[in-house]
Structures are given as C-alpha cells and as structure tokens.
Amino acid sequence: MELKDYQRRALDALRTFLDQAAIRDHVAAYNAACAVGRPGGYAASYQPLAGLPDVPYCCLRLPTGGGKTLLAAHAIGVARDTYLTRRFPVVLWLVTSTTIAEQTLEAFKKMTHPYRQALEATFGGAVRVYSIDERRQLRPQDMADAATVIVATVQSFRVTNVADRDVYRDDEELELHFASLPAGVDVLRHNEGPRRGKPIASFANLLKLHRPLVIVDEAHNFATTLSGEVFDRLAPSAVVEFTATPVRSNVIVSATAAELKAADMIKLPIHLSQHGSWQSALTHAVDNRAWLARIAANDGGGIRPIALYQAQPAREGAEATVDVVKRHLMDDCRIPEERIAVATGKQRELDGIDLFAPDCLIEHVITVDALKEGWDCSFAYVFCSLTSIRSKGAVEQLLGRVLRMPFAKRRSSEELNRAYAHVSERNFFEAAEGLKDRLTSMGFDERSALEAIVEQPETFAWREEQPLLSQAEIPVLYLPERPDQKTWTDGMVAATRIADDGAGRFAVTLDRTASDTVLRDVAKAVTTETSSPLTAVEAFIAQRAAALSPAEKGAVLTLPRLAIERDGQIEIIYPETLVDVGGWDLRVVDTSLPGFALSERPDTFEMDIDGDHIIYGRIDIAPELALDDASEWDVATLSRWLDRTTRQYDIAQPIFLEYCRRVVQGVVERIPLAQLVRGKYALRRAIVARVSQLRREAGARGVQLLMSDIAPVLALGSNGFSFGKAGYDPRTPYAGPWRPKKHLFANVGDLKHGGEEFLAAMAIDDHPAVKFWVRNVDRTAWSYSLPTSTDKFYPDFVAELTDGRRLIVEYKGADRTDNADSLEKRNIGARLQEVSGGEVVFVWGEQAREGRVTKQLNAAINA
C-alpha cells in the first residue's frame, strides 16, 4: 500500500528524531523532529519517560482514519535503520484490548496484508510474529536471524505485584535464552534460594535482555497505564506512540483532518440530521442508506453502503434496546432479517463475515459499543445514534467507523465522498455541538470539526442553499438523471464530480486537467436521445485552451548548466564531480578514525568526529545478541558487514570494501576484535561520519578549483535543463489571491502569501524584461540546480527574458547572506554568469539590505 504524503512526513519526523537521538540529547532530537513533522499546537517541551531519561520517547498524532497501524508497521524499519543496534530487532507491540490484539495479530500473520508487507519489505522476509500466548515458542536462534514482533495488551504487564502476571514468572521453556548469559548483563535475578544470582527465566526478563522497541498503538486509551515502573521492567530501547488524541507530550508530527480528506482517506463533511425521537432517527437512517445504495449501484466502485445503529444498553427505562431496534427494522422498515447483523458482547453475528464480499447481504449493523474496538468496514456510511451524542467513548469509536473512505479513493458521485449521522437530540444546535465534541475527541482540531458538520435536510435531495459542490466548482453539464458509471474507465471517473443540484438535476463538474479525449468520452457516455452534452464539453475544452499557461501552450524554458570537458566529452558538474576534482579517492586517504576509542567503561564507545562529540552507550554485552546471525567474526567478516550496511552511492563497492578492511585492520590494533564487533554500530557511524568529512573537504577543494584553475563551460541544448509541459512539480501549490501573469505553469509551487519570497515573485512577474518565469521548487525530479561542495543549490526563481537571456534569482533574508553556505552559492552563481558570456544574469537578492528586489533586477538586467 503506497503511503500518503502526510504519512511519509510522519515517518520522516520519526526518522529525524531517532537518528538524532542516537548521537545527541533527546531534547535536541525532539526539536529537530518537530521542524520536520510540524506538530502544530501539540508541540511542547520534551518530557522523558519517568525513570528512563535515556530512552527516546515520542508520539505521532493522526486523526481517526489516518492509518496509524500501517505507519507503526513502517516505523519498525525506521527505528532499525536509525537508532536500534540490531539488524533484527525485537518489537513489543502494545494494544488496548484482547480484541484488537487478535485482529492486529491476524493482520500481521497474513502475508498479503499491508502491515505484514511493510515488515517483509524491510527485513527481506525475515519476520516472525507472535502473540503473547505464543511466547514459549521463542527460540534464541529464531530471535537472532529474524525480526521478532510480539503483540500483547498493556494489561499483560501492568501490575503492582509481578507475581500476579505470568509474564514475570519463571518459565522453564525460556531457560535456554539465559543459559550462557554473562554475569554482567542487567536482567532481573533471583534474590534468594538455590538459584540466587541466576537470571529469572521470565518473558519480561527475556524482553529486558533484548531491549525491545515498544510500539504503543492507540496510546490515548491507556494513558495512565504506562508507568515508568512497567517500562523499567522491560528496559525498552525506544518507545513510539501512535494516537489520535495525545494525552502526554513529545508529539513530533500531527496530521490534520484536511490532510486526510485531501488524501482520500476519510469521508467529509458529515451530514448531520437531528430528530425528535429515536424512531424518526432510525427511519431516516434507513432511507439514507437506501438512497446511497441507489447512487452506489450506478457508481461502479463496488460499494455497498452500510448503516450502523447504536442502540441503548438494556437497562430499566431504556426504549431503543438491541431487540427493539431489530424488531423496528424488520416490522416497520420492512428490512429482511438476513440483511441485519447484531454485534454485541453476547451476539457476535459479524464473526466470520466478510463485509466486503460482493455476495454479502448485510446492510444494517446494530450494536451498543461492541464495535468500538478494532472493527473496521469503510462501507459504513450512515451512523445512527439512538442514545445521546454527547456521551463519550462508544459514540466516538462508532462514528469513526463511518469516516473511512472505501479503498482510499474518491468517487465521482459526491454523495459517496461524505458521511451521514442521525441523532436523537432536542435541537440541531445540541446535536451539532455534541458531534463537534466527539470529532475533537477523535483528533480533529476544533475548526476542522466545525467545518466538517453540515445540516442534512430530512429528504435526500439537496436544496440550493445547501449545495454539494462549492462555489468555486462550476458545473459544466446538467443531466436529467444520474449516469450509470459501471462501464466508465478510471480516467473518466477521476475527471468528473457528480452531485444532486437540489433542483431535480445532476450537476457534473469536469476536471480542468483531464485530457480532451477523456472529456469527450464522458460526453459520449452521458449522451441520450433527448440530451447531447458534447457541445457543452467542446465549449469547455475551448475555454480551457484559451486559459492555458505558457507551458501548456508549448513554451519551454531551457537553462544552462555548468560543465567541464573531459576527453572530448561534456560532463555536467554535480557535487560528486567537485568532490572528484578535489582529489576524492578512498584508495589513498588516511584510514584513521580520529577520536574513536574505548572509554573507561568497557561497554561504551566514544567518537569525536569533526568537533562533534558523540558517545555510544547502547552496546549489547551478550554475544548472542551482539553477533546477530553470525557465530564467528574476523576482520574480513566485519569489513563485509560494514560495506553492506554503509554502502556509499559515489564509491565503487570493491574500493569501499577495501577501505572498510583497512579501517578495521587499523582499529583492531587498539581495540580487541570481540569488543569491536559488539560496537559495530558505533563503528559504522564513525565510518559514515569520517567519509562524509573527507567528502566535504574534497568538495571544498573542488569548488576552489572551479573558481580559479578549472575553466568550466556552459552546457546548453540537450545538455541543459528544460522546464516544459510535463516538467514541473509544484509540491504545495500557492493558494493565495494573487494571480501571476507570466508564470510558465498554471500552479506556482512552495510560495507563502505575503512572505519575502512572495514579494520577490511579484517583482519578477511585474518586470517588463521578463518573458516568463518559474518558481523553482527544491529537491524534486523537476528542479533546476547548481552544484556546491556538499549538495545541490536550488535557486528560488528562474526566468527567460524578452531578449533571450536567462535570469537566475536567489533570494536570501539579511540574516542568511554571510554564512559559508550562502557565500559558496553566491560564488557558484557568479561563476555561471561569468562563463556564460552574458547569456545568464545571476541576481543575489537581499531585499532587507539593499531595497526592493526590483532595483536589484534592474541593476543586473541593465548591466
């Protein structure tokens, strides 16, 4: 399953946190991760786990429907690659209930499930998953040659008296794990009796031996249960929480409901209907589902809408109990019994039922709160609460069931992109307030929760004052009936949005980016004997063509690049070219690792590279833990391991392997090989840091040579860089009110309205000498760059002038113009202008220092 943008951002934040936590204090790691994850109002000062200040601890916040469990599966690989000191880690996956544990375990053991596939891809198939009841099946060698995931409830470990839990008791089946354990290993030991001083062969002690990564799923549900005492017994290497509503701090990433909606993960908004009685709410929910079913029948997406009914618990005075609701559905609403399922603690009629199966008959599900944990079916569209919407817990979880978008894919029929709620409250205000509170509890910010609620009329035909389409979406076609989309192609579905216009017609809005062919195919598909919309579609195509951007009309912006000539061939200069020119050759460099040495503690390595003091104190003493899947190591074995796990993109494998061998050979003269193998992850980081340092030094020498001794040439034509019709990724399109006149593409990327770079963009767009320009977005496949000693330099703006010259503009605030990085970029740009012979104008914009960008443009262009 391909990750969404917000999910990738979440994993990037986690990667930053754990990577930094390995070499710096956790406060600095947390601050660096927050800069990546943008946690919003959840960001606060870092708070370590009670009693475990050395254990990195963070939380990822995603609203209900955001795919927390899938992210948690991917997080294991991220932790392995950044912080953990083992090739195959042990993972303790904590959940809130036995039901969720069973469902999580089932998903992980199913080879085709996205959760399992995420682990398989990370560990090359070397994965073993166990329930806590299967713990006695664990064998030392199994844990050494595969990632081990153990799914358990937090209740299995939370106890004041450890003797009250099986996981803390001696178990002869686990004694093999402790048979050859050295005396210095920190595990729980017997305090008395004939086995005094020997390790307790308990499951909790086994976890402590392996220092597991702890994943906490739905962390908000057991906020008070994860005490420092519990974690102290398990000695986790790191703790990562996933939740919709954090109750503690250390949130490093926060996704919004708007992001989930944009990624087609959830149905929004929610159309809310308030009814005076539970009978009225139930009847309208039945009608709502039937109305959606008729729409889905024409949609072609394989969706079968389901209604969820939250009945009242069976107690004195209760009216809408499970039995009463079922009888009302059958007798008054004429629903066949085989289309109704009851899911409560006693009646589990959904067990073994695949609600996604095409031949499944279930359309109505009655529950009290049994669905609140683990149950998931994105076909659920209608939520009907026959109790107060202001009650917490079950309402939130049940409402969350109807928010998930089927197949994470938007449908053409706009009605199928939304959720529906029917509640029994005295008035709409109380109903809306209650629903808003529940959405807030599910991870929505208050503004998003308010915007997500739309009042639903009692009949399912939208009035003109309650349109499904926004004012910005202008329908192109009006059809007398909803089209049958079952035979439509994916392109036709994606190109249309269809909705009841409230006046007896169906409004069709067309995607302005769809091809002419697809749009004409849509017109043909909806043509009838009495209606032919092809004329309207052709008019739309003509109107769209008139409004095309320069790139869409065929304009191309080609920019020169710096190059050097070698052996009669033009070679574009990249950062690695400068490194090569600067004398980069690992075959002849010094292989020492300055500062890498044993500290006074025998189990700790210390490294000081380029002034960055780094201490590693997380090295396993036990040989069976440290050696992973190998029983014997020598210099060659360790060198091959370093080569495999530290591969460099710009170094041939034989050369790097030989470099690793020479490094190891030199270090073992000071540090015994056995200890070095235990500290191999620290050694790997030292090599990475040292190679990076050598590469930076060579790159800096290459830049100096480029400025003086080397005569670069200008690469144009096929060797240049071109922005064309398909050559631009705006990443985050500008969404402000300003409309540029000369931007090469319809969208302007990564531009914040009102900022300093925005003012520079306006100045460029207004300049009479500019023919068209591009906001150059950093680090995409379609970004123009110049080389620096360590990276690529992405100028903020590029343009073609009316006289044919090329303009390159880099804007810097006054606080960032004098650092070494800025000075190097400025020199590279000036060198490009120099060798272009007047074909390139390079402008280093400093608005705060030298006045408005327009003056700087005038001075450079007219020079």
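The values are calculated or read from the model by the stated rules, or taken from the named source; none is laboratory data. Bear in mind the structure is a predicted one, so any value in this text is a computation, not a measurement. Because the Cβ atoms are built from the backbone with ideal geometry, glycine has one as well, and the counts that use them run over all protein chains shown.
Structure above, values below:
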quantity: Positions within the range 764-787 being crowded, with 16+ Cβ neighbours inside 10 Å and not aliphatic (A, V, I, L, M), in sequence order; calculated: Asp765, His767, Lys771, Phe772, Trp773, Arg775, Asn776, Trp782, Ser783, Tyr784, Ser785, Pro787
quantity: Single unsatisfied condition, Gly717 versus (1) modelled with pLDDT of 85 or more; (2) more than 30 Å from Ala820 (Cβ to Cβ); (3) surrounded by fewer than 16 Cβ atoms within 10 Å (Cβ to Cβ); calculated: (1)
quantity: Residue satisfying all of: in the range 11-27; of a type in the set (A, V, I, L, M) and in contact with a Phe, Trp or Tyr (Cβ under 9 Å, 6 or more places away or on another chain); farthest from Arg685 (Cα to Cα) among these; calculated: Val27
quantity: Count of residues meeting criterion [in contact with a helix residue (DSSP H, G or I) (Cβ under 6 Å, 6 or more places away or on another chain) and farther than 24 Å from Val95 by Cβ] in the range 34-81; calculated: 3
quantity: Boolean, Val149 is in contact with a Lys or Arg (Cβ under 9 Å, 6 or more places away or on another chain), crowded, with 22+ Cβ neighbours inside 10 Å and at pLDDT 90 or above; calculated: yes
quantity: Subset of the range 7-45 that is among the aromatic types (Phe, Trp, Tyr) and closer than 14 Å to Val240 by Cβ - its residue that is farthest from the chain's Cα centre (by Cα); calculated: Tyr30
quantity: Residue among Ala698, Ala761 that is in contact with a Leu (Cβ under 7 Å, 6 or more places away or on another chain) and buried (at least 17 other Cβ atoms within 10 Å of the Cβ); calculated: Ala761
quantity: Near pairs, Cβ below 6 angstrom, 6+ apart or cross-chain, from the range 512-524 (over 19 Å from Thr487 (Cβ atoms)) to any residue that is assigned to a helix (DSSP H, G or I) and among the basic types (Lys, Arg); calculated: Arg512/Arg544
quantity: Criterion (assigned to a strand (DSSP E or B) and surrounded by 16 or more Cβ atoms within 10 Å (Cβ to Cβ)) met by exactly one of Val78, Val129; calculated: Val129
quantity: Tally of residues being farther than 10 Å from Leu14 by Cβ and either within 15 Å of the chain's Cα centre (by Cα) or not in a loop (DSSP other than H, G, I, E, B) (or both) across the range 81-94; calculated: 6
quantity: Asp54 assigned to a helix (DSSP H, G or I), at pLDDT below 90 and acidic (Asp, Glu); calculated: no
quantity: Residue selected from the range 277-289 under the condition buried (at least 17 other Cβ atoms within 10 Å of the Cβ) and small (Gly, Ala, Ser), by the criterion nearest to Lys267 (Cα to Cα); calculated: Ala285
quantity: Test: residue in the range 312-322 that is farther than 17 Å from Val402 by Cβ, in the same structural domain as Ile362 (by TED's automatic domain parsing) and not in a loop (DSSP other than H, G, I, E, B); calculated: yes
quantity: Among residues of the range 525-543, those that are touching a Ser or Thr at 6+ places or on another chain (Cβ under 9 Å), assigned to a helix (DSSP H, G or I) and in contact (Cβ under 8 Å) with a residue 24 or more places away in the chain, counted; calculated: 1
quantity: Those residues of the range 551-587 which are within 30 Å of Leu519 (Cα to Cα) and buried (at least 20 other Cβ atoms within 10 Å of the Cβ), in sequence order; calculated: Ala551, Leu557
quantity: Of all residues in the range 698-713 being outside any helix (DSSP H, G or I), out of contact with any helix residue (DSSP H, G or I) (no Cβ under 6 Å at 6 or more places or on another chain) and of a type outside the set (D, E, K, R), the one that is nearest to Val556 (Cα to Cα); calculated: Val713
quantity: Count - residues of the range 10-42 that are modelled with pLDDT under 90, surrounded by 15 or more Cβ atoms within 10 Å (Cβ to Cβ) and within 14 Å of Thr256 (Cβ to Cβ); calculated: 4
quantity: Lone unmet requirement of (1) closer than 20 Å to Val230 by Cβ; (2) in contact with a helix residue (DSSP H, G or I) (Cβ under 8 Å, 6 or more places away or on another chain) for Thr98; calculated: (2)
quantity: The lone exception for Thr440 - which of (1) hydroxyl-bearing (Ser, Thr, Tyr); (2) outside any helix (DSSP H, G or I); (3) modelled with pLDDT under 90 it fails; calculated: (2)
quantity: Helices (runs of 4 or more DSSP H) wholly inside the range 759-863 that include at least 1 residues being out of contact with any helix residue (DSSP H, G or I) (no Cβ under 7 Å at 6 or more places or on another chain), modelled with pLDDT under 90 and not assigned by TED's automatic domain parsing to the domain that holds Arg696; calculated: 820-835, 853-861
quantity: Top-ranked residue in the range 544-586 [being among the β-branched types (Val, Ile, Thr) and assigned to a strand (DSSP E or B); ranked as nearest to Lys771 (Cα to Cα)]; calculated: Thr558
